[in-house]
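To start, the structure itself, in structure tokens.
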Amino acid sequence: MSPTIVLDNGKPFLALGSPGGSTIITTVLQILFDRLDEHMSLPDAIADPRASQRNATRTGAEPSFIASPLTPLLTARGHQFLDAGEIGAATGIEFLAGGRVLAAAEPIRRGGGSAMVEFPG
């Protein structure tokens, strides 16, 4: 769910989405941040550990997020984390130069996903 389309000068650049109910928005936002601001590849951005804050005392986070070097910096600022298991199960496509398309899906969450691009023959 939450289909999101990013345009670059009016042309499609990226499309992605994720199921997950209340975690959809944070999942999509973190993937967009990783891809656009951190310059990760789309597959790496989808695979990156996630956290999801919904106005609670503690932030739900995946175990690999909690184990990351970022967590001590955040806890020093008063953040608290709760193991939330898996967050989201995103897929996406990126429109590349020359009419090529990169498709990416979760590598591990919910058993991993599959992403393909089919061209009419």
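Observations
- Test: residue in segment 44-60 that is more than 20 Å from Gly112 (Cβ to Cβ), of a type in the set (D, E, K, R) and out of contact with any helix residue (DSSP H, G or I) (no Cβ under 8 Å at 6 or more places or on another chain): yes
- Restricting attention to segment 84-110, the residues that are touching a strand residue (DSSP E or B) at 6+ places or on another chain (Cβ under 7 Å) and more than 11 Å from Ala47 (Cβ to Cβ) add up to 11.
- Test: residue in segment 65-80 that is in a loop (DSSP other than H, G, I, E, B) and in contact with a strand residue (DSSP E or B) (Cβ under 8 Å, 6 or more places away or on another chain): yes
- Here Leu32 fits the description: under 24 Å from Ala97 (Cβ atoms) and under 8 Å from the mean Cα position of the chain (by Cα).
- Each residue in segment 45-57 was checked for being over 16 Å from the mean Cα position of the chain (by Cα) and closer than 16 Å to Glu86 by Cα, and 1 pass.
- Members of segment 32-62 that are part of a helix (DSSP H, G or I) and open to solvent by 60 Å² or more (accessible area, probe 1.4 Å): Phe33, Leu36, Asp37, Asp44
- Taking residues in segment 60-81 that are touching a residue at least 24 places away in the same chain (Cβ under 8 Å), and partners anywhere that are basic (Lys, Arg) and surrounded by 13 or more Cβ atoms within 10 Å (Cβ to Cβ), the pairs with Cβ atoms closer than 8 Å and at least 6 places apart or on different chains are Ala61/Arg50; Glu62/Arg50.
- Of the residues screened, Gly85 is one that is in a loop (DSSP other than H, G, I, E, B), over 11 Å from the mean Cα position of the chain (by Cα) and not β-branched (Val, Ile, Thr).
- In segment 8-31, the qualifying residues are those that are open to solvent by less than 40 Å² (accessible area, probe 1.4 Å) and assigned to a loop (DSSP other than H, G, I, E, B), and the one that is modelled with the highest pLDDT is Ser18.
- Selection within segment 88-121 - more than 30 Å from Asn9 (Cα to Cα), outside any loop (DSSP other than H, G, I, E, B) and open to solvent by 60 Å² or more (accessible area, probe 1.4 Å): Arg110, Gly111
The values are calculated or read from the model by the stated rules, or taken from the named source; none is laboratory data. The structure displayed is predicted, hence computed values, not measured ones. Please note: Cβ atoms are built from the backbone with ideal geometry, for glycine as well, and neighbour counts cover all protein chains shown. Ligands, DNA and RNA are stripped out before the accessible areas are found, and what is left, the full protein with its side chains, is counted by its heavy atoms. Shrake-Rupley method; radii C 1.70, N 1.55, O 1.52, S 1.80 Å.
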